[in-house]
Each structure stands twice: as C-alpha cells, then as structure tokens.
Protein chains: 2
Amino acid sequence: MKRKVYLDLISIEEAKRMFYEHFKITHSVTKVSIWDAGGNVLAEDITAECDVPPFDRARMDGYALIASDSFEADEDNPITLKIIGEIPAGVVSDIEVNVGECTIISTGAVIPKGANSVIMVEYTEKEKSQVKLYRPVVPGENIMFAGSDIKIGEIVLRKGNRLSPREIGVLAALGITEVSVYQQPNVVIISTGDEIVLPGEPLESGKIFDINGATLTNAVRECGCKPNFLGIIKDSPEMLIDKLKQALSMGDVVLLSGGTSKGVGDISYNVINELGKPGILVHGVAIKPGKPLLVAVINNKPVIGLPGYPSSALTVFEVFVAPFLRELAGIGRHEKRVLEVFMATRVDHALGRHEFLPVHIIRKDSNYFAYPVLTGSGAITTLSFSDGFVEIPSNQLYIDENERVTVELFSNAIEPADLVFIGSHCLGVDLIYSLMLKQTPNVSVKLINVGSMGGIRAIRRGEADIAGIHLFDAESNEYNMPFLQDILDQVAVLRGYKREQGLIIEKGNPKNVTGLRDLLRDDISFINRQKGSGTRILTDFELEKIAQLENMTFSELIRDITGYEVEAKTHSAIASSIAHNKADIGVAIYPVAAKYALDFIPIREEFYDFVILNDSLDKESVQLFIDTLRSDEFKEHLPVIHPGLQTTEETGSFINGL
Amino acid sequence: MKRKVYLDLISIEEAKRMFYEHFKITHSVTKVSIWDAGGNVLAEDITAECDVPPFDRARMDGYALIASDSFEADEDNPITLKIIGEIPAGVVSDIEVNVGECTIISTGAVIPKGANSVIMVEYTEKEKSQVKLYRPVVPGENIMFAGSDIKIGEIVLRKGNRLSPREIGVLAALGITEVSVYQQPNVVIISTGDEIVLPGEPLESGKIFDINGATLTNAVRECGCKPNFLGIIKDSPEMLIDKLKQALSMGDVVLLSGGTSKGVGDISYNVINELGKPGILVHGVAIKPGKPLLVAVINNKPVIGLPGYPSSALTVFEVFVAPFLRELAGIGRHEKRVLEVFMATRVDHALGRHEFLPVHIIRKDSNYFAYPVLTGSGAITTLSFSDGFVEIPSNQLYIDENERVTVELFSNAIEPADLVFIGSHCLGVDLIYSLMLKQTPNVSVKLINVGSMGGIRAIRRGEADIAGIHLFDAESNEYNMPFLQDILDQVAVLRGYKREQGLIIEKGNPKNVTGLRDLLRDDISFINRQKGSGTRILTDFELEKIAQLENMTFSELIRDITGYEVEAKTHSAIASSIAHNKADIGVAIYPVAAKYALDFIPIREEFYDFVILNDSLDKESVQLFIDTLRSDEFKEHLPVIHPGLQTTEETGSFINGL
C-alpha cells in the first residue's frame, strides 16, 4: 500500500490559472428545433429573411378608410361612409377603398388597397351598409406597417445568445424552425475505489454504496452538460487506464472520484500522464475541503480527479468544475444562483487554507442567514443539510457574526424553507407536518433533529421558527419551562402533547431486562441518544441515580456500559437498532416500540412542547403549524397512529402567559 | 362577424381568487431513477433501511489500535506497536487487534475487532513490522461509527422535497435507486386564428407565422411541465370544440391563444361552457396587457385563453399561468428569478388598470436599472427587448425615477449583458462584436439599434456603455462632436472609422435615378430611416436643400415623396427593401449596397464614432471593445468584409482630449 503524503499544495487561483493556460474552450455545434430549443445557445447569427409583419396590418377591429375622409368628424357631427366589404384576418381581398368608402376590418387583417388608416369600432356606429364615424383618424393610425417590427436583412439574434421563450418567439415570427446551437458537452463520470458498490446492488460487508456517481451525474446535468456514468472501477492502474481511454474517446470532459477522502490521485498519477499531453497539471490544492484535487488536460480534454467524500466532491465540483462546464455548455456565468446572506454566528478560520464552508440558510423576513454545517466532511448528512458554501480566503482570520457574505448554492433547486423546525425528534411532529402538507401542499418545512438543547440554542440565535423540546429538570421536577427562563420575552411556548419515555427492548424480553440497571451486565449493550437531547438528559439523570445506589461515580458507571458512546439521533433509530439486534437496550418513546413491535418498560411520562420565536408568530407557515396542532384531526389521529402519544386539554394553548 | 366589446372587467386579484376557488392542485405520481431524478419533487417519505456508514470505518489512512496503548506516546518518547496485518478499504478481515498490536488501515476500511481508534499515518514512523506512535489517540478517534451519519429508521427525505444533487446523494448512500416523484403535468397548447400558419410552412399572403405556439411550449417547459402543442385551429366553434375535447382528454391544463390582440374569447365562450363544470369563470381582466384573458375550469382542469399578441400572451402567462403550473409541477414558488432594480426613468401610469410594464435591464456596477420597452404590444421586438416586467397596481399614479422596483424575469435563461451598445446600426460594429466573441467566447453584448440620437439619449441616462453615432451638424459642417458638448465631462469619445453614405438603388439603375431629387417623381418610391438616426438627419438635411431649390416648404416636399413615412431601422433593412423591389431609393452606407449587389450614388463621407460612458471605461467588456477596435485584425478585415468602411490613423484614439 502506498502511503502518499501531499507535498506541493498550490493555491486554487494558481490551479485555475494553470488549467486555463492548457485548456481552451471550444464548442461543437448541432441543430435543434425551435420547439425544443429553450435554454440552448445560438451558434449562428440569425438574419431576418422576411418582414414582420409581412404586410400592412390592422391593429384593431374597426373600419379601414382614407384618413382624410374622417378629418371633419366629431361627436356631434359624425361623418358617414359607405361599407363596401369586410376583411377578416388571414384573407387576401382585392377590395379597393375609394373616397367616401370603407371596409369592415378585423384585427390582424390586411389593410385594403386605397385605405391608409383604421378607426376603432368603439368610435363608430353601424347602420346597415353605412357607418358613422365619431372622431377623426390620422394617416397610419391603427396600422402596423409591413416590416415595422422586423425588416428583411436585420440581424435579429446573434451567436452566443441564449434562447429563452422570447428569442424563440422571434425565430417563430420569422418562420424559422431549426437553428444551430452549441452542442451539450459530454461529461464522463467514473467512480473509483475497492470499497464502493453501485446503489441497488447487494451491499457486502465492508462495502458502502457509491454516492458520487449519482450526485455528479445530476450536478453535471444542472450545468447544461450530458452526463455519462461509466460505473465503478477498482483501485487498479490497469483497469483505470482502460476506462480512461474509453472515457477520453467518448467524452469532452472526464470526472473521476474516489470512494474515500483520498481522491484518485494515488493510483492515477502515472496512469494519466501516459494518456497524452500535457497530462497532470495540479495534484493537491490548499483548500478545505478538496485538498486531493487532481487536474489534468489530455489533448484539450480536462480530466479532473475529485476527492472521495461526497460533500468534498460536490464542493470542489462547484468551485472548480462547474464554472468551465457551464462555459462549455454556453450557459452564462451568472446562471448559478448565489444568495447574499448574513453570517449567523462567528466563524473562525485557520490561516493558509482557502475554505469552502458548507452552510445552511434560514430566511427571516426578507433577509437570509447562513449557519455553518458542522457534521464533518465524511458525512453524507453534511451534504443534505448544506444549501451551499461560503468562501473564506486563506488570509482571512474569521467571519464575524452578522457579516454579509455570499453563498453559492449547491443547486438551482434549493430554496430556503417556509418553516424551520429544529429540536428533538418526535413522530408527533412528523404527523403535524403531514397534516400541514395535506392542507397546503406546497409548504416547505426544514426539520432538523439536533435534540432539545440544540433546538433552544437555535431559537436563541433566531435560527429556528419553532423548536420541539422535552427537557426534564431534576431540581424542579418539571418539564421544559425551567430551561426557557432567560428567553421568555422572546418566545411563546405552546403546549404540545404527552408521551411516555421508557426502555426499548427486544420482543419477549429474552434477556430478562428489568430496568436501566441491567446496563451494567456484561451481556447487555446499549444504544444512546446524542448529547443535548431530552432523552439523553433523562437517561443520564436516571443513570446518575443508579451510580449513587451503586456507590460509583458517573464516569465509572458509564465506562462499564457497553455502547454508552454510540449515539443515535432519533427515537426511530433507537428502535431500529434494537430490532436489528445491534443493541439490547435503548431509551425512547413508546410509539417507536409499537412501530417496531418491541417491548417497552416505562420510565416517565413527559411533555413534548413547542417553543416559538415571537418574531415568527405571524408567519403563515407558523400559523398553519399552530392551527394543525389545535385541529380535531390531529387530536384524533395522534393516539391512533402513534400509540402512547396523547393530546391533553392544554394542547395548542400558550403556557407562558401569552 | 361578431363585434364584442368587453363589459365586465374584473381585477386580477379577483380573477385569481375565483380560479383558485374552483381549481384544486392535485399531483400524479410516477417513479424515477436517481440518475435522472434531479429537479423532481418527492412524492413519498424516504426512511433509511440501512445504517450509513454500515460499519465502523476509518476516517484516515493510518493504524488501527487500542487507544489506551497510545496514551503515553509523545514526540520524544514514541510507543512501538507490532503490525499484525493490513486492512485495505472494501475488504472484510478477521484480524483481531490485541494489546500492543495494530494493523495498517486505509481510509474507509473496516475497523478490525479489538481496535477502538485510528492514528493518522502522519504521526507515525514505520520500521519493518513495527510502527512508532508519536502522539496519543483517544477512543473513537478517526473512526466514523456505523450509523453515525444516518441510522436505520430515520426519515431522511420527505414528500415535497425537491431533489437536487445533495438529496440524490442521500438516496445513493442508502442504496435507493428509484423513488416516487410528482409526475410532470401535461400542458396542451393550442393556437387559434384564421391568419396564422405554422413556422416552416409557406407563408401565403395575408398570413403571419404563429409565434405563441413555440414561445408557450418553451415557457411551459421552464415551469417544469410537459408541453404538448396541438397546432393551429381556425376561428370556428366546431373545430374548437373537437380540439378542446381532445386537449382535455390528454392534458392536465389547456392553454389557448389567439393570433391577434383579441384572444380567443369571442369564439370560445359558448364552446367552453358546453364542455363541463364549472366552465368559464372570468372573461376580461383590468390589466395591461392582457385584458381579454379568459379563465375556465372544466372538471378540475384549467382552460386558459391568452391574448394573441405574443408579448401580451407571455406576460399574462407569467402573471397568471406560470404560478399554478409551477405549483402543479411541485417547483417552488421562489424558483422564478426576480431582480431588484432601480427604475431608470419616471413612468406615468393611468389609474384603474393594473399594468405589467415590459422592461429591459442594464447592469451598472452591482446595481440593475430597468428601462420601459415602448415598442407596443403588437411587436415581437417588444418581446425580444424585454427582460421581464414591472407590476404597477391600478391605484398607483407613477413610478419615480430611481424608485426601487422588482422585475419578474421572463425566463431563468435571461441575464443582463456584459456590454450594452445602443445607437446607430453599422456593419462595422457587427464585425467588432464578432472579433470580441472570437477573443472572449462568453462575452455577452446587447446591441440595440435606435439610431444616433437614441444612442446619445441612452448614454445621457447611463443606459448604454457605448453609443455608436454618425450625426451631421449642418451649421459647423462637422460630425458628432457638436452633439456632445453638454455631456463631454461624462464621456470619452473614441474615433471610429469612415464610411460613405449614399443612395441605394436597383442594380443597373433601370429607373435612371440621379439623386434625391428623383424622389419627387411619381414613379419612384422611397424607404426612409427612423427619426433620430444619423442617416435620417442627413437625408432631411439634403431634402431641405432640395425644398429650397424647388421653392417648397419641407412639409410640402415630403408630402410629395411616396414612402417618406415608411421607416426601416437598419442599413441592411434599407438595402433589403430595395433588393426586394419594395422601394426604389433608400439612403444607406456603401457596404450594404455591395452586400446586396445594388447600385450606389455617394452623397457624403462621414465619421462613425463611439461615445463611451466614463463610468463604463473600466469594465472588462468595454476594454475588450476598445482593444478590438484598435487591433490590426479589425483594421485589416474591415475594408475587405465591408467595402466602403475604412479605418484611419485616428481610429481607436480618444478625440475629446481624454
């Protein structure tokens, strides 16, 4: 096994400079029908080969006449003309209008010979074969002259113009049905790594599913290019060289990514240089994430090796690859959505590395706030919580709280949610969300499960509209309110519902568990909840009591509990772990035990309540949330769908005196 | 012929209220592969059916060990462990690590039994079958625990989530290859009118090409829906009813549009009410443009009749149709791009009508400015000049200059140009633009031909970066500079090139034209340029001289000139008109005569110069323009490609002493 340590890190600017020095953008051209042309980029100038309109045309329904016949007309002294015919739109007529005559004419119809103006029907009165005019018209009035819109010979659209419906309208007006456009570049995508398998295939031990293949395929498509996923190859130079030759023969750009943090540099360095000139230009860039970025050009085709971790791969894709893909596709540089936001918390930064900090975005009134996503670069959840990233140059020490920064969004399909719910996970909240969707199908809710304390922190920072909490205070023997004393002037507290916490154990209780004390047994393993969750606080409170009984310190006690450090983020995840025999005991609410058909030993009945930011109370989405919580439908469904959850008479009422 | 006058105009808000009262959004569901899922909207909750990662996994390359073995290690006193094996990624090993032992481990590999941490290779030194550790690690260090990212049982994505690459990454991580999404709504589009024919078909006299079919097809696609254009039907109730039945059977939404300003209401009113309930809800709305809007719902399928003029149709589409199409497709309401801009000029507004004013947008530094597009609702050029529209409520009297307004863009593919060139049309400018594109393929230039005076006005208002002008001042007998005296402190004037103006006449001069005086002949027709163009000013100056000779007033003279009021916007359009025998004489520059193989009678040699806004001088695109004008390539190509255009020694130099 090679043990490569990166030596020659260069800056991202230098990497880009070297790349663009050796790679020249060229466009292939193809024909496309105007019916499918939207979004394409013209590869030719379009010259009008006919006039628009092609003839003098009536702008209004009315009468075509000789203007001078109307000059004396007014409301009191109408002038009467003889109607000598009628010209509907689309018909060529040989009627000729002479002095004292007129024709009925429809909007869009050809102006008859002799006539030089149209009077609107509103200013006339028809009497059999005559018409009275109540006002004069000037020559040319209500006529759209041939070629007045577009004239033969005009260049109406140019090479490089992107075709939106309005440009397609111009093409249609000229009768043009097919135009030359830049061809979609072909981007070949290859995943590498001995440990990855394709989604949908059986997952053997030690393997993980390939993520980058599918994300890059969709990201490439968003850049206006045609993705072509060639599958997974093992970490072997021989297989890599074959696949790369194939990729270079069929594609305009090749994207490689590794299954791990390492990227594909280790095995591909020599392989790539064998394929053509100039070969590898950059290997290792001083950015975070994305250090192992490999940049090569083979006969004017870019070959880019991305890091393996999905969030790193997608970030480096956005920073380095997407700009030139969009340029290749002819999609504008400004096409990518960026958002001006305020940084919600201070972010410190290590000098010397150029960082692309993943953030998620909250909308508050008409402002946006960005929060760093701190789950770590290896986690796929980093990707799913991140709306985009903020760039921090290598010489910047920090971003201050409330500093204005620009977020580059990971996708045009990303938009900040209508309602941000952060806090403890509860199935009751899932039900509220489902009922909200039933009522207002397009309401978008971001549910982030970070535990009760995390929810309160988010409310304190204005990050969440609503936090769901169930926090037991040992001193007062009360739930929730004791934890909110210092923010009571900023929030409304809404009574939620009751739920029962207890031990989740295997069906039939084969290990004969009687309580938390059994965690000290050698044959029993535990699955814990994350720090800051209400369930964790309750668990630790109960374990503290056991430590006292056993005459141990808390630290000694937990050292004896197998699995105490293994943390799950939701009640469901606890139940699932027990059901799959990954642990023997977990603490969770009753409904998940029921859902997974597991046994349940009650510990305590608790209140799951909602903390709502005063500033958010008038948001439509928050009102919908409150209305749903108070609805009869919720009260009826809750105990049926989730046995063990129960509303009370107080449910939906404000309990901090609002 | 029916002569319908609109009677019951209602407000757009009322029209929307009535529509949403009778139309309920419902979604059909289909399956899509994750490889193609980008942009779709989930129709199901996604629950994790496996852990991510599925096993305890090394985060780094290094050695897997028992953490407590390393506790005493530091730089001076390394601890030595025995290497008992090597675990690459993707391999399941039955190695068990005991006290004093370790294994080599790769990033992503399974942590072996017994080990509880990984030390990074950077902090070790390998010596044959042993390794020295130079720092301690804590339990769990550099290990990503099974399920720490996503746990079995978690709801990871929800119904209503839009799938971007990040969500697809989550699906791939779970091995999910197919998901339920909202089905693309099917939108049937029908054009109506006796006078329209399909683009590509022969254009008979009195007919025009259908524009709305193609623009609406592409606009519907931008809303995430599937367009289905059924073609053109004549203004006949029988044909309309058949086509509407077909449309309702195959589509979720039906869009009709007329070929003229009238819309389709006149013929379709009774027809639509026969098709089902509730039928027509609205016919006639107090908006501009778009008054004839017809809104019907037939068995929960919207049938919308749009006005015929393309810019009106597209505006009403954006205002009324696009929002519910995006909702049907599950595309977010915020998906549509809007821009905050400053209104560049005061816009007065008639009370009582709700206006959607077409505007084009100029970027200046980081601000955007909107200018009304005033070509009139019938013109297709209204559409092609408009970037979007500004809404003016019916009770608003005006929008002030520099007032902040929101522009709703006609398409996501629209972006303000890098360089705005407004002024007189010249083929030399076309050449500069082509050479600029060769140098910088992605530079976007908006060329607007409004004549020389229009160019100066645009510069004065800060609307253009560069104006191209050729304006003859009779008093001083000089070109251009006399017209710029009052703005010389705001602009730089760049010498352009010489060109020859003259009469364009038919090849071989069959009518024996000798000069402008021949315009007074009965058998001669003229094609003029638009007011404010340098060529028009020159023409009028020359005609004034003839009037004096003939002892006529100017008004008398032009009344005797056939075609004096017919205006073309470009030199090419003049030549094209002569070549197609639409007129006998026009005034234009020599190159267009050469291009169309026409005869040319010189009138005067003139300077075509460039006026550049001082504020724009440091824009990259402007510098590129100047560099191109000064380039040898331009000097060589200009007289060859466009005979009669000629650079001089001054070309490219500033002539106002900058």
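The values are calculated or read from the model by the stated rules, or taken from the named source; none is laboratory data. Given the structure is predicted, the values throughout are model-derived calculations rather than measurements. Backbone-built Cβ (ideal geometry, glycine too); neighbour counts: all protein chains shown. We work out accessible area using only protein heavy atoms, side chains counted, and drop any ligands, DNA or RNA first. Shrake-Rupley method; radii C 1.70, N 1.55, O 1.52, S 1.80 Å.
Details
- Evaluation of A:Arg499 against (1) surrounded by 15 or more Cβ atoms within 10 Å (Cβ to Cβ); (2) in a helix (DSSP H, G or I) (one fails), failing number: (2)
- Within the stretch B:214-243, the set of residues being more than 7 Å from chain A (Cβ to nearest Cβ), part of a helix (DSSP H, G or I) and out of contact with any Asp or Glu (no Cβ under 9 Å at 6 or more places or on another chain) comprises B:Leu216, B:Val220, B:Pro237, B:Glu238, B:Met239, B:Leu240, B:Asp242, B:Lys243.
- Scan of the stretch B:40-61 for residues that are assigned to a strand (DSSP E or B) and more than 7 Å from every other protein chain (Cβ to nearest Cβ), ordered by number: B:Val41, B:Leu42, B:Ile46, B:Thr47, B:Arg57, B:Ala58
- Qualifying positions in the stretch A:514-553 - open to solvent by 20 Å² or more (accessible area, probe 1.4 Å), of a type in the set (Val, Ile, Thr) and not in a helix (DSSP H, G or I): A:Thr514, A:Thr553
- Residues of the stretch B:8-39 satisfying the condition of being more than 24 Å from B:Gly279 (Cβ to Cβ) and among the aromatic types (Phe, Trp, Tyr): B:Trp35
- B:Thr562 fulfils the conditions (1) at pLDDT 90 or above; (2) more than 36 Å from the chain's Cα centre (by Cα) except for a single criterion, (1).
- Only a single criterion out of (1) crowded, with 21+ Cβ neighbours inside 10 Å; (2) among the hydroxyl-bearing types (Ser, Thr, Tyr); (3) free of Cβ contacts under 8 Å to residues at least 40 places away in the same chain is not satisfied by A:Ser434, namely (1).
- Residue in the stretch B:151-166 that is within 13 Å of chain A (Cβ to nearest Cβ), without any contact (Cβ under 8 Å) to a residue 12 or more places away in the chain and open to solvent by less than 40 Å² (accessible area, probe 1.4 Å) present: yes
- In the stretch A:458-478, residue nearest to the other protein chains (Cβ to nearest Cβ) [restricted to those that are touching a residue at least 24 places away in the same chain (Cβ under 8 Å) and open to solvent by 30 Å² or more (accessible area, probe 1.4 Å)]: A:Arg461
- Residue count for the stretch A:195-213 under the criterion of being more than 7 Å from every other protein chain (Cβ to nearest Cβ) and part of a loop (DSSP other than H, G, I, E, B): the result is 4.
- With respect to the conditions (1) modelled with pLDDT of 95 or more; (2) more than 7 Å from every other protein chain (Cβ to nearest Cβ); (3) buried (at least 20 other Cβ atoms within 10 Å of the Cβ), B:Thr192 falls short on a single one, namely (1).
- Of residues in the stretch B:85-115 being more than 30 Å from A:Ile233 (Cβ to Cβ) and aliphatic (A, V, I, L, M), the one nearest to the chain's Cα centre (by Cα): B:Val97
- The residues listed here are B:Glu96, B:Glu86; of these, the one that is at the interface with chain A (Cβ under 8 Å from one of its Cβ atoms), closer than 19 Å to A:Ser205 by Cα and either open to solvent by 60 Å² or more (accessible area, probe 1.4 Å) or basic (Lys, Arg) (or both) is B:Glu86.
- Residue match in the stretch A:395-410 (condition: modelled with pLDDT under 90 and open to solvent by less than 10 Å² (accessible area, probe 1.4 Å)): yes
- Checklist (1) open to solvent by 10 Å² or more (accessible area, probe 1.4 Å); (2) farther than 30 Å from B:Lys159 by Cβ; (3) outside any strand (DSSP E or B); (4) at pLDDT 85 or above applied to B:Phe342, failing item: (3)
- Looking at B:Asn509, B:Asn480, just one residue is under 20 Å from B:Arg536 (Cβ atoms), modelled with pLDDT of 90 or more and not aliphatic (A, V, I, L, M), and that residue is B:Asn480.
- Taken over the stretch A:522-569, residues that are closer than 20 Å to A:Pro482 by Cβ and free of Cβ contacts under 8 Å to residues at least 24 places away in the same chain amount to 3.
- First in the stretch A:439-452 and part of a loop (DSSP other than H, G, I, E, B), second anywhere and open to solvent by less than 30 Å² (accessible area, probe 1.4 Å) and among the hydroxyl-bearing types (Ser, Thr, Tyr), Cβ under 9 Å, 6 or more apart: A:Thr440/A:Ser621; A:Val443/A:Tyr433; A:Val443/A:Ser621; A:Ser444/A:Ser621; A:Val450/A:Ser424; A:Val450/A:Ser533
- Test: residue in the stretch A:602-618 that is more than 34 Å from the chain's Cα centre (by Cα) and within 14 Å of another protein chain (Cβ to nearest Cβ): no
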